[in-house]
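So the structure is just underneath, and the comments pick up after that.
The values are calculated or read from the model by the stated rules, or taken from the named source; none is laboratory data. Here the structure is a predicted model, which is why all the values come from computation and not from measurement. For the accessible areas, the whole protein counts, side chains as well, though only heavy atoms, and no ligand, DNA or RNA atoms are used. Shrake-Rupley method; radii C 1.70, N 1.55, O 1.52, S 1.80 Å.
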Amino acid sequence: MKGISDSLKSNKLLKAGYIRMLQAKEKSEQFISSIIFTIKSKNVVNVVQKTFEKSGYSFFFDMGTLLGMIRDGKLLKRDMDIDTGIYIDSKEGKKKFRDLLTNTGFKHKFIFSVDGIGDVLDTFYFKGIRIDVCYYEKERDRDCCYLFYGEDGTEKVVRLYNSKIEKVVKFDFLGIMVNVPENKEKYLEERYGNWKVPDKKYKYWEGPSTEKIDNKPHTAKLY
């Protein structure tokens with residue numbers, strides 16, 4: 001390996017070819033992942049809906065997943081995950097919810113927590129598809145959740161606000177009745193601005209309803 005590394009450093013043509021090979025490999029892997037996501041995601045959405053319903057907690061499909069469902073009638077391939085929001089305000093409740101998912105076949109991979117706030121996000125996998133679960137908090141006149149982002153090589157926290165979701169309703173997504181906020185258009189406007197027009201430059205930590213906070217983030221990898 002050292003000989004290969006030295007050759008790359010001394011030969012610009014070899015180095016350029018090696019970089020192109022890595023880029024092609026990455027594009028190929030992304031293409032394969034997008035196909036798998038397209039094939040499996042509808043079934044996983046159905047499993048998520050049915051499993052979350054068993055918890056008894058109020059929940060909805062969230063963020064990029066909600067955007068794709070409402071605007072495009074399909075999930076966003078560039079996200080290749082399923083976003084959900086749920087209202088659970090106790091450690092005991094979160095533990096029971098996690099147990100429900102793991103007993104149903106979901107693999108719990110990450111717990112994201114914030115100093116002074118607690119656990120704010122869980123990541124599960126089901127049949128190779130990533131499912132993010134944001135734990136929403138109810139404030140007097142609005143709701144909020146928390147996400148992590150990277151800046152200057154450091155992991156940081158952003159708080160996302162939205163108008164209070166008073167009611168969750170059913171929405172027909174490809175023949176599956178899924179939970180969405182009743183005020184879904186207003187929610188999407190607060191989260192994305194002009195949500196009806198795709199914006200490849202959108203950054204969730206710089207959205208119209210965000211606040212960067214100084215609380216320290218922690219990520220626990222479970223497997």
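Some observations on this one:
- Of the accessible area of segment 98-223, computed with a 1.4 Å probe over protein heavy atoms only, carbon and sulfur atoms account for 47 percent.
- Distant-in-sequence amide H partners of Leu121 (H built 1.01 Å from N, under 5 Å): Phe112, Tyr135
- Sequence of Lys54, Lys201, Lys186, Lys109 from largest to smallest accessible area, 1.4 Å probe: Lys201, Lys54, Lys186, Lys109
- Per residue accessible area in Å² of segment 87-170, where ligands, DNA and RNA are left out and the probe is 1.4 Å: 50
- Rolling a 1.4 Å probe over the protein chains gives Thr219 an accessible area of about 60 Å².
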